[in-house]
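Student: Structure in structure tokens, see below.
What follows draws every value from the coordinates through simple rules; no lab data is involved. Not measured: the values here are computed from a predicted model. Cβ atoms come from the backbone with ideal geometry, glycine included; neighbour counts cover every protein chain shown.
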Amino acid sequence: MTTKISDLEITAAIKPDYAQILTPEALSFVASLNGKFNRTRLELLARRKERQAEINAGKVPTFLAETASIRSADWKVGECPSDLLDRRVEITGPVERKMMINALNSGAKVFMADLEDSLSPTWANVIEGQICLHEAVRRKLTFTSPEGKAYKLNDQIAVLLVRPRGWHLDEAHVLMDGKPVSASLFDFGLYFFHNAKESIARGSGPYFYLPKMENHLEARLWNDVFTYAQEALGVPHGTIKATALLETILAAFEMEEILYELKDHASGLNAGRWDYIFSIIKKFGSLDGYVLPERAQVTMNVPFMRAYCDLLVNTCHRRGAHAMGGMAAFIPSRRDAEINKVAMAKVTEDKERECKQGFDGTWVAHPDLVPLAKQVFDKYLGEKPNQKENLHADVKTTAAQLIDLKIDGGKISEAGFRNNIDVALQYIESWLRGTGAAAIHNLMEDAATAEISRAQLWQWIKNDEKLDDGRPITRALYSQVAAEEMARLTAGGEGRYKDAAAILDELVLNDTFIEFLTIPAYEYIK
């Protein structure tokens, strides 16, 4: 069944409660965004492929000569709204009703409501997520569990930021001129149309996180979208505030340019550590000398990750923007105190590192981690809302440091190899069932961490790597271990593991690298 509304065709069911979001006026706005900006989006995605071909041919990235004047000029981003001055602890999670209430009530300063990596983009998840956002802005979000437990928002809640899907994704259920619309513009357009003025009236504003940009031209496109959207709906220019997730290696060489392009709308950069590691594997996967050891050894203390964070903090503070730290993905155990003790010590150490490096705040994935992260940042910040005055002028980061991937003692064990297969299978199976934030081995896994797992498997096979016991990492070894893990995981029921295994095989055994696992996986849920 297809429903024509405005210039859009919706090929999925429109339930009665969806009508409040999928109004003719809102969809007309989405159509105008897609009509005006989608062509540029597609051109920028084509440029990504060209850039990848250049890297595969040996042209490694560096700072851009043509934008040197931006890096040397004296400029600042726009003024920060009062409710975003203090961001010392931010919690993230999908736009799912119960999780949103718990996150908004968690005591964190900010909640990033996610339409991207922690949300499986089924039609129901996307539209019901927009309904939840609509209710959250108006403080009407409630939930009653099957057991009868009632959840509602506290009087004091976190500031709401929304992460739309990245430029690379389509919304397959909404067509314009017979082709899927941009998922980014669909997510942004619906939220902005329904909630921008309401959030302003309540003393906040339309605030966003922007994922997976690879260069400043992609930031310029977002800025053009913001400028157009504000003018179209009569919202003052610069009211939108956006934090760019710095989660690709190419964007690391254009941090200042990204802030500059978003200047009137920029509020900071975030060190999206997991996607950043995935991006490094993806971009350099076919080159000699760029192979990373197993995931657990790629910590924030290895030289290239420290260089990335140092550059991010220095860049943000020079330009008056917030520097936001990375995710603590640990999920406290209800049964094992020893696991909690070890993990909490690691989380504390990680947050203390971020404070010392100059970050203004950090991310957690679970409400139980909010008090711990807050305690660490309270110790360093005191009554100050941030530490933007800490310019770290003595820290100099070179292009070579960003791509020097040597890790002392790095290895690939059978346990690390097996864990990548285990996590990838469990996550993809969960995603196919509609759950994009999956608790696996006491960690909150999302698409980014699953991407690392499958990308490493592909890279190790592609580069003829060996396990630390000398065995070569081959397609045959992958198939053997994957079969063993499948037998273990399906012992209690098949679920959607057959589909998950087919997707993982396609990703790992392909001769060429498939850019995002969510693209082939989307075919199974749309």
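Student: Largest first and to the nearest Å, give the Cα extent of segment 55-97 along each principal axis.
Tutor: 47, 33, 16
Student: For a footprinting-style exposure proxy, rank Glu218, Glu294, Glu383 by other Cβ within 10 Å, fewest first. Kindly include the intermediate steps, with their values, before the conclusion.
Tutor: On the way: Glu218 27, Glu294 22, Glu383 6.
Fewest-to-most Cβ neighbours within 10 Å comes out as Glu383, Glu294, Glu218.
Student: How about Lys4: which lysines have a C-alpha closer than 20 Å to its C-alpha, ignoring those fewer than 8 places off in the same chain?
Tutor: Once the sequence-local lysines are set aside, what remains near Lys4 is Lys15, Lys36, Lys179, Lys526.
Student: Compare the peptides 126-135, 91-100, 481-490 by average per-residue count of other Cβ atoms within 10 angstrom and give them in order, highest first.
Tutor: Listed from highest to lowest mean packing, they are 91-100, 126-135, 481-490.
Student: Moving to a separate point now. Taking Lys263 as the anchor, which aspartates and glutamates have their alpha carbon closer than 16 Å to its alpha carbon, excluding any fewer than eight residues away along the same chain?
Tutor: Counting by Cα, and skipping residues close in sequence, Lys263 has these aspartates and glutamates nearby: Asp74, Glu79, Glu218, Asp224, Glu254.
Student: Given +1 on the Cβ of Lys and Arg, -1 on the Cβ of Asp and Glu, and no further charges, what dipole in debye does the chain carry about its Cα centre, rounded to the nearest 20?
Tutor: The calculation lands at about 720 debye.
Student: Residues with amide H under 5 Å of Phe513's amide H, sequence separation 5 or more or different chain, H placed in the peptide plane at 1.01 Å from N; which?
Tutor: Here nothing satisfies the definition.
Student: Then there is this: So what's segment 58-201 giving for Rg/Rh, alpha carbon basis, Kirkwood Rh from the mean inverse pair distance?
Tutor: Working: Rg = 18.6 Å, Rh = 17.5 Å.
On the Cα set of segment 58-201, Rg over Rh gives 1.06.
Student: Report D for segment 414-522 in µm² per second (integer): Stokes-Einstein, Kirkwood Rh on Cα pairs, 4 °C, 1.567 mPa s.
Tutor: D, rounded to a whole number, is 93 µm²/s.
Student: What does the charge count around Arg496 come to, taking other residues whose C-beta lies under 9 Å from its C-beta (Lys +1, Arg +1, Asp -1, Glu -1)? Can you show the working numbers first?
Tutor: Working: positive: Arg433, Lys498; negative: Glu429, Glu494, Asp499.
Spelling it out: positives minus negatives among the neighbours equals -1.
Student: How much of the DSSP bridge set in the chain is antiparallel, in percent, rounded to the nearest 5? Provide the component values of the computation, followed by the final result.
Tutor: Details: 18 of 47 bridges.
The answer is about 40 percent antiparallel.
Student: Let me ask something additional. Relative contact order for the chain: what is it in percent, counting Cα pairs under 8 Å that are at least 6 residues apart?
Tutor: Working: 902 pairs, mean separation 84.8, N = 526.
Normalised by residue count, the contact order of the chain is 16 percent.
Student: So, one more: Just check segment 170-245 against the gyration tensor rule for me: Cα atoms, a ≥ b ≥ c as the square roots of the eigenvalues, rounded for a/c under 1.5, and otherwise prolate or oblate depending on whether a/b exceeds b/c.
Tutor: Here segment 170-245 falls in the oblate category.
Student: Shifting gears a bit: Report ³J(HN,Hα) in whole Hz for each residue of segment 190-201, in order, from the Karplus equation J = 6.51 cos²θ - 1.76 cosθ + 1.60 where θ = phi - 60°; Gly and Pro get x.
Tutor: For segment 190-201, the Karplus curve yields 5, 5, 5, 4, 7, 10, 4, 5, 5, 5, 5, 4 Hz.
Student: A follow-up question, please. For segment 244-304 and segment 323-399, what is the centre-to-centre distance using only Cα atoms, to the nearest Å?
Tutor: Their Cα centres are 19 Å away from one another.
Student: List the lysines whose Cα lies under 19 Å from the Cα of Lys356, skipping any in the same chain that are fewer than 8 positions away.
Tutor: Lys346, Lys374, Lys379, Lys384, Lys388, Lys396
Student: I would also like to ask the following. With θ set to phi - 60° and the Karplus curve 6.51 cos²θ - 1.76 cosθ + 1.60, what are the ³J(HN,Hα) couplings of segment 385-398 in order, to the nearest whole Hz, using x for Gly and Pro?
Tutor: So the J values, rounded to whole Hz, are x, 6, 10, 4, 5, 7, 7, 6, 5, 7, 8, 10, 10, 9.
Student: From the square roots a ≥ b ≥ c of the eigenvalues of the alpha-carbon gyration tensor of segment 301-414, which class results: rounded (a/c under 1.5), prolate (a/b over b/c), or oblate?
Tutor: oblate
Student: Could you please rank Ile10, Ile503, placing first whichever residue has the fewest other Cβ atoms within 10 Å of its Cβ?
Tutor: Ranking Ile10, Ile503 by Cβ neighbours within 10 Å, fewest first, gives Ile10, Ile503.
Student: Using packing as a proxy for protection, rank 423-431, 454-462 so that the peptide with the highest average count of other Cβ atoms within 10 Å comes first.
Tutor: Result, highest mean first: 423-431, 454-462.
Student: While we're on this one: Within segment 275-341, report the trypsin sites (Lys or Arg not before Pro) that DSSP leaves as loop and that have at most 12 other Cβ atoms within 10 Å.
Tutor: For trypsin sites (Lys or Arg not before Pro) across segment 275-341 that sit outside H, G, I, E and B with at most 12 neighbouring Cβ atoms in 10 Å, the list reads Arg334, Arg335.
Student: Please rank Val298, Val364, Val347, fewest neighbouring Cβ atoms within 10 Å first, as an exposure proxy.
Tutor: Details: Val298 23, Val364 27, Val347 20.
Final ranking by Cβ density, sparse to dense: Val347, Val298, Val364.
Student: Can you give me the P(r) profile for segment 3-400? Cα pairs, bins 20 angstrom wide beginning at 0, each as a whole percent.
Tutor: 27, 59, 14, 0
Student: Something else now. Indicate the gyration tensor shape class of segment 209-271 (rounded, prolate or oblate), computed on the Cα atoms with a ≥ b ≥ c the square roots of the eigenvalues: a/c under 1.5 is rounded; otherwise a/b larger than b/c is prolate and the rest oblate.
Tutor: Taking the square roots of the gyration eigenvalues as a ≥ b ≥ c, segment 209-271 is prolate.
Student: In addition: Would you mind giving the average projected area, over all directions, of the Cα convex hull of segment 1-139 in nm² with one decimal?
Tutor: So the Cα hull casts an average projection of 13.3 nm².
Student: What list of ³J(HN,Hα) values in whole Hz, one per residue of segment 63-70 in order, does the Karplus curve 6.51 cos²θ - 1.76 cosθ + 1.60 (θ = phi - 60°) give from phi, with Gly and Pro shown as x?
Tutor: For segment 63-70, the Karplus curve yields 5, 6, 5, 6, 10, 4, 5, 5 Hz.
Student: Let me check the size of segment 6-63 from its C-alpha atoms; what are the radius of gyration and Dmax in Å?
Tutor: 18.7, 54
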